[in-house]
Amino acid sequence: MKSRNALTEKIVKIRRGLAIYKVGASPYWQCRMRIPSKGSYQCRSTQETARIEARKTAEELYDSVLQRHVVPEVRKELTFDYFAGKLIRKQYELAKRGVRSLQLAKGDEWLINNETTGLLKYFGGRDITQIRTKDVNAYLEFVKETRVEPFAFTTYSNRISCIRKILKVARDEGVIDTVPDTPRPPKKDNPRPFFRFAPLVSAKEDEYQKVLETAKQMAQEKVQVRWIPVTLELYDLILFLMHSFLRPTVSELYSLLHRDITIASDSPKRLLLTIRKGKTGHRVTNTLEAAVSVYERCRKRYPNSTSDDYVFLPHYPNRATARNIIGRQFQALLKRANIQHSDHATPHSLYSIRHTALCMRLVKSKGEVNIYNLAKSAGTSTEQLERFYLRNLPPSAELAKNLQTFGDD
């Protein structure tokens with residue numbers, strides 16, 4: 001038996017925030033109206049059985065309700081818009097100083113000004129002192145209504161994060177006392193793909209060594225990918241990533257200049273890398289010892305390089321081009337080695353080398369590596385190491401030994 005509240009006619013959307021529908025409990029069309037100032041809906045009966053008449057009545061009802069809920073004019077310096085603009089300017093200034101990523105500043109600006117789901121589209125003109133948790137929830141519902149397919153977790157988390165940043169600006173200026181609680185949408189972390197390596201697997205199954213061997217073979221055979229020959233520079237680039245923990249991005253690996261690298265004069269032997277505009281901002285980081293010999297080969301490969309030249313593919317001034325060339329060559333390598341996907345069926349990319357480097361440090365140090373130091377060197381956080389690396393490492397004899405190890409007396 002059907003519920004009395006079940007729909008008897010399809011929902012008719014009249015315009016954004018306004019729709020009519022029919023249920024079994026009443027012969028009349030019902031009107032559903034969204035009240036932006038309250039972040040909620042109101043439902044009323046149109047007292048009409050004919051759809052055409054119900055549409056007209058719904059329009060009149062909606063206009064009448066909106067007039068009663070008009071948001072009073074707010075002083076400019078108390079509006080959400082005012083503090084959103086302050087956040088944008090602040091983030092661009094931090095990016096200019098190298099403290100914050102320019103990509104992050106641009107991303108937040110887009111989230112604020114986007115014409116469809118932007119924060120100003122919903123909160124524009126609102127009094128920032130009156131924004132509560134329910135308003136943030138209502139905004140997320142508003143975002144959901146803009147498309148049929150569900151958004152990814154990051155779509156919501158990025159918007160919530162941006163709202164909190166704007167509210168924090170208002171709090172720091174004394175306009176509000178506290179930042180209201182914001183919802184935390186459920187998240188599903190996808191394991192980071194990494195190449196299996198010994199001792200997690202046998203030497204015969206070591207995927208990382210297979211990557212290195214394949215890179216050497218392609219260079220020796222002078223394989224071409226889109227008419228560009230693969231050289232030992234690809235092999236060295238993989239090794240450099242492995243021993244420096246850098247991200248294979250334009251802002252980190254491909255923007256690295258010779259003047260950003262210093263060979264440490266003290267022990268242990270290592271490179272000191274200055275990452276000027278990385279994902280997490282400016283940092284100076286240590287590499288492992290093996291990175292030194294790789295860098296020395298890079299210097300010999302381009303003997304006429306100056307301190308202002310790039311370390312890898314310096315003859316390509318457009319660093320996105322250099323990144324794309326290496327990316328295509330690496331994909332050709334993976335196809336040749338038949339290891340295009342991880343155990344979790346996630347496609348491999350050059351990023352998998354970074355993930356492998358972090359996993360290998362955690363495993364081969366036998367628990368001795370300081371994860372705070374590792375996180376700092378890699379430009380990440382201990383939380384990220386736990387979420388994406390430690391928890392996804394497969395059980396192994398090495399990890400079992402570490403679990404049962406007692407310190408020396």
For region 346-371, which residues satisfy the criterion of being assigned to a loop (DSSP other than H, G, I, E, B), farther than 20 Å from Leu239 by Cα and touching a residue at least 40 places away in the same chain (Cβ under 8 Å)? Thr346
Residues being under 13 Å from Val311 (Cα atoms) and not in a loop (DSSP other than H, G, I, E, B): count how many of those fall in region 248-273. 7
Filtering region 201-247 down to residues that are assigned to a loop (DSSP other than H, G, I, E, B), of a type in the set (A, V, I, L, M, F, W, C) and touching a residue at least 12 places away in the same chain (Cβ under 8 Å), which residue is farthest from Ser365 (Cα to Cα)? Val223
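Taking Asp343 as the residue in question, decide whether it is modelled with pLDDT under 85, under 18 Å from Lys210 (Cβ atoms) and part of a loop (DSSP other than H, G, I, E, B).
Taking the combined requirement at face value, the residue satisfies it.
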Would you pick out the residues in region 39-57 that are more than 46 Å from the chain's Cα centre (by Cα) and over 14 Å from Tyr21 (Cβ atoms)? Gln47, Ala50, Ile52, Glu53
Which is at pLDDT 90 or above, at negative phi and under 28 Å from the mean Cα position of the chain (by Cα), of Thr280, Thr274? Thr274
Which one of Lys168, Lys121 is charged (D, E, K, R), under 22 Å from the mean Cα position of the chain (by Cα), modelled with pLDDT of 85 or more and under 15 Å from Asp81 (Cα atoms)? Lys168
Regarding region 284-294, can at least one residue be identified that is under 29 Å from Val223 (Cβ atoms), modelled with pLDDT of 95 or more, out of contact with any helix residue (DSSP H, G or I) (no Cβ under 8 Å at 6 or more places or on another chain) and part of a helix (DSSP H, G or I)? yes
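The values are calculated or read from the model by the stated rules, or taken from the named source; none is laboratory data. For clarity, every value in this text was computed on a predicted model and none was experimentally measured. Methodologically, a virtual Cβ is constructed for each residue, glycine included, from the backbone with ideal geometry; neighbour enumeration extends over all protein chains shown.
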